Amino acid sequence: MHPLLIIIILGALLILTIGLGIFIILAMVGMMLYRSPFLPLPLSALNRVNELLTLSDTSIAYDLGSGSGRVVRHLARQNKNARVVGIEGAPLPRAFTFFWSVVEPLPNTEYLAQNILTTPLNDATHVFVYLFPYMMPILSKKFGEELQPDTIVVSCDFRMADRTPTRTLECIEGSSKHTLYQYTF
Ligand SMILES: C[S@@+](CC[C@H](N)C(=O)[O-])C[C@H]1O[C@@H](n2cnc3c(N)ncnc32)[C@H](O)[C@@H]1O
């Protein structure tokens, strides 16, 4: 093999290894910060989330732990006059969010790099969460203290044990199975 070709292949392998290393480190930083993995919600469940949230032109919707912004973008596309805010603290999903915001700029979206536990929710009319069981009692208390009456909350897969859902939806497609819990505060 030509020595130049060997150098190019070795260079490409080195860049790939460094890229993969950075990806793994950023993913681990997110896990260490929030004990919650970066798991985007499958497309099949996104329409059901939109159906349960029932946004209007005056809505302000939050995705707490917005990951790559997949849910935020979907809601913003479906509800062009509503404002959709994604809150995400971990660096890797925020990098994906930035990438997708450049590829598809949506004027009714906003992303805040902050901790969801210290984000004020007083102006929210709708909230979506797909987090982890240990977060649910903490969020239930926060929602009770900060949300305006009639705010709709949809939680994916994990329910708030101290509250009764107003609706529950199963989303099954292939091997992907999710349960959505809708609450009215
Ligand atoms: C399972 S992912 C859900 C992503 C997105 N909402 C979706 O459904 O596709 C949960 C996200 O919440 C973020 N997260 C968890 N706890 C957080 C906190 N306290 N503050 C900010 N982000 C948090 C994680 O970094 C992760 O990206």
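Do the conditions hold for G86, that is, is it assigned to a strand (DSSP E or B) and surrounded by 14 or more Cβ atoms within 10 Å (Cβ to Cβ)?
Against the criterion (assigned to a strand (DSSP E or B) and surrounded by 14 or more Cβ atoms within 10 Å (Cβ to Cβ)), G86 qualifies.
For the range 166-185, give me the residue count where each residue is in contact with a Leu (Cβ under 9 Å, 6 or more places away or on another chain) and either surrounded by 18 or more Cβ atoms within 10 Å (Cβ to Cβ) or assigned to a strand (DSSP E or B) (or both).
11
Restricting attention to the range 104-137, and to residues there that are at pLDDT 95 or above and assigned to a helix (DSSP H, G or I), which single residue is nearest to Y62 (Cα to Cα)?
If we take residues in the range 104-137 being at pLDDT 95 or above and assigned to a helix (DSSP H, G or I), then I116 is nearest to Y62 (Cα to Cα).
Take the residues in the range 104-129 that are hydroxyl-bearing (S, T, Y), within 14 Å of the ligand (Cβ to nearest atom) and in contact (Cβ under 8 Å) with a residue 40 or more places away in the chain, then tell me which one is surrounded by the fewest Cβ atoms within 10 Å (Cβ to Cβ).
T119
Within the group S59, S101, S140, S68, which residue is away from the ligand (no atom under 14 Å from the Cβ), surrounded by 13 or more Cβ atoms within 10 Å (Cβ to Cβ) and at pLDDT below 95?
S101
Contact list please: Cβ distance under 8 Å, first residue in the range 4-27 and touching a residue at least 40 places away in the same chain (Cβ under 8 Å) and assigned to a helix (DSSP H, G or I), second residue surrounded by 10 or more Cβ atoms within 10 Å (Cβ to Cβ) and not acidic (D, E), pairs at least six apart or on different chains.
Partner pairs satisfying both residue conditions: F23/L92; L26/A90; L26/P91; L26/L92; L26/A95; A27/F38; A27/L92.
The values are calculated or read from the model by the stated rules, or taken from the named source; none is laboratory data. What you see is a predicted model; the values in this text were computed from it and never measured. Note that each Cβ is placed from the backbone with ideal geometry, even for glycine, and that neighbours are counted across all protein chains shown.
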